[in-house]
1. Checking the structure you have, find out if any residue of region 5-16 is within 13 Å of ligand 2 (Cβ to nearest atom), surrounded by 11 or more Cβ atoms within 10 Å (Cβ to Cβ) and not aliphatic (A, V, I, L, M).
2. Looking only at region 1-60, how many residues end up being outside any loop (DSSP other than H, G, I, E, B) and touching an Asp or Glu at 6+ places or on another chain (Cβ under 8 Å)?
3. How about region 7-61: which of its residues are more than 15 Å from ligand 1 (Cβ to nearest atom), closer than 19 Å to Ala74 by Cα and in contact (Cβ under 8 Å) with a residue 24 or more places away in the chain?
4. From the residues in region 40-52 that are of a type outside the set (Asp, Glu) and over 12 Å from the mean Cα position of the chain (by Cα), which one is modelled with the lowest pLDDT?
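The values are calculated or read from the model by the stated rules, or taken from the named source; none is laboratory data. What you see is a predicted model; the values in this text were computed from it and never measured. Positions of Cβ are generated from backbone atoms using ideal geometry, with glycine treated the same way; all protein chains shown enter the neighbour counts.
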Amino acid sequence: MAELKNEERIQCEKVFNHFDSNKDGKISWEELAKALKALGLGSSEEEVRDRMKEIDGDNDGFISFDELFAFQCAHPDLMKNVSDKL
Ligand SMILES: [Ca+2]
Ligand SMILES: [Ca+2]
């Protein structure tokens, strides 16, 4: 089980680092919008806003690594899908 957890973490890091294009350790609304658009996953402002709301657990307007990881635990298939496209 420990190994599996590790793999999930590595996958989450890969997605997080890809989305965090200015490398400040958090994903902004603009970064999320750009990344989703590039991946062909929801390009409308509404879709991005909904996704942001879903992942941004503490509502500070940014996605932290922990928030993305929590999202991954809740939606492993979705995150695998994103990871496979990178
Ligand atoms: Ca960032
Ligand atoms: Ca947040």
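1. yes
2. Just the residues of region 1-60 that are outside any loop (DSSP other than H, G, I, E, B), to begin with: 2-19, 27, 29-39, 45-55.
Okay, now just the ones that are also touching an Asp or Glu at 6+ places or on another chain (Cβ under 8 Å), so 19, 27, 31, 33, 36, 55.
Of the residues in region 1-60, 6 are outside any loop (DSSP other than H, G, I, E, B) and touching an Asp or Glu at 6+ places or on another chain (Cβ under 8 Å).
3. Glu8, Arg9, Gln11, Cys12, Lys14, Leu41
4. Filtering region 40-52 down to residues of a type outside the set (Asp, Glu) leaves 40-44, 48-49, 51-52.
Checking which are over 12 Å from the mean Cα position of the chain (by Cα) leaves us with 40, 42-44, 49.
Numbers: Gly40: 89, Gly42: 77, Ser43: 73, Ser44: 90, Arg49: 92.
Among those that are of a type outside the set (Asp, Glu) and over 12 Å from the mean Cα position of the chain (by Cα), it is Ser43.
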